[in-house]
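Just so it is clear, none of the values below were taken in a lab; they were calculated from the coordinates. Everything quoted here is computed from the prediction, not taken from an experiment. Methodologically, a virtual Cβ is constructed for each residue, glycine included, from the backbone with ideal geometry; neighbour enumeration extends over all protein chains shown.
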């Protein structure tokens, strides 16, 4: 095999810079690193091992946290009969335009079209209605891990606007509004923690405006991110559905006084979109940068062979790899015929958090040269202290990634008191503009028409709202500060 | 709330006996216990918490074992374009009659129909063909955990013949036939172990006949079970696809000598059907019997309240429940207004492996009265020895379930040398008839036509084949002993 042939087998490096062409960089970094691939179905992607691994880790920790809080897992059918999907009108109008419809089975036409679930409220609540009779049957706090299809007609983007994605969908029913409302902080707390501790991502929690809320909800809450190109993107969400669905689906129960009441419901989700936000946020011009807890390979050990020293170097590299393999996900790359530099680039592209170089100097010194992916920091760690040393480097790297992302987010949140100011920031800097708002849908609509920015959410942190704050558009007394941004 | 109302809320007991009307018993035991429910889509079921829990436990252990052996997880799209599905002709003919077709997205007709995956060979291998260039890229051993749809037109039966089911689908590509063949024992070994150690199910491993093999395979292997009604049912399977798919999908690589070769492939799966076999095998006329490792609730603690002793009994019951809760999945049922007998029936119906009764005698003796679900055996265990005691009871129960199932299987495997004998056993006793077979498809076909029994598999254990064995149908020299049975 010639060097040329070998190079054909490998992904080339990135041909654009993140800061120059973010969108092209994003798709290159995802595909050339082997994280994902496009598939034969437009808008649906292939999760290769590193991507599916990261998602599986996220599901594990979210699943454990939800269960600890009393949530139970279930699995409902993939298909939803059209008559069910139509039952809650607002919900149906929201989802109908992007539903994939099954019309035939084998050579037979179905009597009724079946929607491939875009979300499962309707099919789940048809069952809840059968199961819930008395206050003793409540609460029901069920969750599913599954795949959903929403046929995006805009330019599909891997993870970000995907026609199929993976998620959890939690669907609860409570006897009282108060109990239902209490679930919000529990769920958003889990999402915020997992984003921070596993994906190294900050986010802005808040409530959606009336115009932007979920189709069928009474109140929607979201965690919003800011992408490197300055556009906002919605992350995990939580919806108080009030009694909207319970009335549409007749989910009622006999309360302790013997009267019938409708249940109070919530729904919530975290999706594979977060993998896209993670990649976009941390990646650089050398490739992916994956936070250590989600990295499929956490450490790669590369022997640096010099003539005459092959055996001792290879042996020690293997020893280091075996030792670390007890604690971490480690790969030893002792392939011959590839230069160390070639290997370095490959694992940088793949975002492996730590590269260990083992040469004659490391052998004689019984140590390892450890290089951090995110900042190229080099550290010599004694063989006997490898586990602690690598753990510290992971911790520091995770912290650094989060802090860098947090700093970027903070820098990207601007404030405006005047509409001209808001408009100028949206046009020139993008990011989020936090501005006082009177709460009226008409001001919200006009701002969107004139700037392209919508309200991503009304942040929980309302410290920006003053006694005398006036709506950035109409000048009336402001009820909130809201976050305006152009958004994915 | 009156006692009547309360009873309406609860599942009633079973109204038929397993040995008298197995099919009705099976659906009653699944639905009345709250294990599953029917859904608004005919043939697709709802996995309620206990069912999904059992499946999640199975996936965890199979997933860990596959990974230990070098298999990696991926995720491919739910939809497969029709032109891809058609590529391997035999495969397409096998699956086409039961494919659910997506024809519309929103209000638009799609240019090409999309199959909801009945299995993912075709979409995965289109990618393999891009990814595999050189022998260095091999082997690829990828696996997916997902949902698939096969539109059964026969009477759908929960888990057994479901229009949607959950499974793992492993799809490997190797450089040589030998390597590919080696994977068989690794995979079937995992399946057999998990069936035995978690589901308490025995099975008969063997090779499928030419007529019964997977659409597109060179050789199919299966683990077969016998259901309580004497019908055989196919369990997990493994297929050597040879080069059938690699030729259809152009999966070729440059070998070490610089020549192009087609890859050698395997596929394998374990599905949620096994939950059905588990329920059918172990359940009895009181309800489900779930092996302890897969039971959502492993121990239920029930205080037996007598006037004047309420406080001490409740307190000790809670103490027992809390202590056991450190090690097991425990539920304390201290609801008032339900008799102990009512609660006993409820947890028997749900298949909880151990019930603990706590009354005044247990309080004063600092002990727990533990009752095994499968055989009603009662054991008093001292508070200080609870953990060990329950663990022993679990082990004994698991062993007893497996042994009972194994004994039933053994008793249901008959042998026949003459066709009349084979026919009579199939008609009168059902089960499996192991009989010598010449290997010809025409004898196989005629046996099926005349008895309704097909070859479930040719068991790996060929000790029944003698030097002078003659085909049970044509009398020619026998090549194998094959297992004939009426089958689900």
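Some notes on this structure:
- Cα gyration tensor shape of region A:222-303, rounded if a/c is under 1.5, else prolate or oblate by comparing a/b with b/c: prolate
- For chain A, the antiparallel share of DSSP beta bridges with both residues in that region comes to about 80%.
- To the nearest ten degrees, helix A:340-350 and the longest principal axis of the Cα atoms of chain A are 10 degrees apart.
- Plainly put, the tip 7 Å out from Cα toward Cβ on residue A:339 is 8.6 nm from that tip on each other copy, the closest given first.
- Here is how far apart the residue B:475 label points are across copies: 11.0 nm, shortest first, using a point 7 Å from Cα toward Cβ.
- Going from the fewest other Cβ atoms within 10 Å to the most, the residues A:59, B:271 appear in the order A:59, B:271.
- Degrees, to the nearest 10: B:310-325 long Cα axis against longest axis of chain B: 30 degrees
- Unit Cα scatterers, Debye sum, region B:66-205: log10 I(q)/I(0) for q = 0.16 Å⁻¹: -1.05
- For region B:22-282, averaging the sequence separation of C-alpha pairs within contact (under 8 Å, six or more residues apart) and dividing by the residue count gives a relative contact order of 20 percent.
- Centre-to-centre, using Cα atoms only, region A:348-421 and region A:219-297 are separated by 29 Å.
- Take each residue of peptide A:48-59, count the partner chain Cβ atoms within 10 Å of its Cβ, and average: the result is 3.
- Chain A - mean residue ellipticity at 222 nm from DSSP helices (-39,500 (n - 2.57) per run, n ≥ 4, rounded to 500): -11000 deg cm²/dmol
- Extension gain from residue B:17 to residue B:87, taking 0.36 nm per residue of separation minus the Cα-Cα distance: 20.4 nm
- Global form of region B:347-488, assessed from the alpha-carbon gyration tensor, a/c cut-off 1.5: prolate
- In degrees, nearest ten, helix B:177-197 long axis to first principal axis of chain B (Cα): 20 degrees
- Reported to the nearest whole Å, the Cα centre-to-centre distance from region A:118-152 to region B:161-201 is 32.
- q = 0.22, 0.26 Å⁻¹, region B:149-213: log10 I(q)/I(0) [Debye, one scatterer per Cα]: -1.20, -1.16
- Computed over region A:413-485, relative contact order equals 41 percent, with contacts defined as Cα pairs under 8 Å that lie 6+ residues apart.
- Computed over chain A, Cα set: Rg, Dmax in Å: 25.7, 88
- Annotation: the residues B:239, B:91, sorted from fewest to most other C-beta atoms within 10 Å of their own C-beta, follow the order B:91, B:239.
- Placing a label point 7 Å from Cα along the Cα-to-Cβ direction at residue B:60 gives distances to the equivalent points in the other copies of 1.1 nm, listed shortest first.
- Long-range tail of P(r) for region B:266-399 (Cα pairs > 28 Å, %): 19 percent
- Relative contact order for region B:297-396, counting Cα pairs under 8 Å that sit 6 or more residues apart, in percent: 30 percent
- Bridge type composition, region B:281-379 - antiparallel percent by DSSP, nearest 5: 45 percent
- Region A:50-105: C-alpha gyration tensor shape, a/c 1.5 cut-off, then a/b vs b/c: prolate
- From the C-alpha gyration tensor of region B:22-282, square roots of 5λ in Å: 31, 23, 16
- When the alpha carbon coordinates of region A:194-255 are projected onto the principal axes, the ranges are 49, 27, 15 Å, largest first.
- Convex hull volume per residue in cubic angstrom - Cα atoms of the protein assembly as shown: 202 Å³
- Taking a quarter of the surface of the Cα convex hull of region A:91-136 gives a mean projected area of 4.7 nm².
- Region B:369-431: C-alpha pair distances exceeding 14 Å, %: 68 percent
- 18 Å cut-off, amide nitrogen to a point 7 angstrom out along residue A:210 Cα→Cβ, residues in region A:235-254: A:240-244
- Percentage, to the nearest whole number, of Cα pairs in region A:413-485 over 15 Å apart: 43 percent
- Here is the P(r) of region B:1-132: all C-alpha pair distances, binned every 5 Å from 0, give 2, 8, 10, 11, 13, 14, 13, 11, 8, 5, 3, 2, 1, 0 in whole percents.
- Antiparallel DSSP beta bridges within region B:413-485, as percent of all bridges there, nearest 5: 75 percent
- Sorted by Cβ density within 10 Å, fewest first, the residues A:191, B:262, A:260, B:338: A:260, B:338, B:262, A:191
- The simple Förster model, with R0 at 35 Å and r as the Cβ-Cβ distance, assigns residue B:331 and residue B:42 a FRET efficiency of 0.55.
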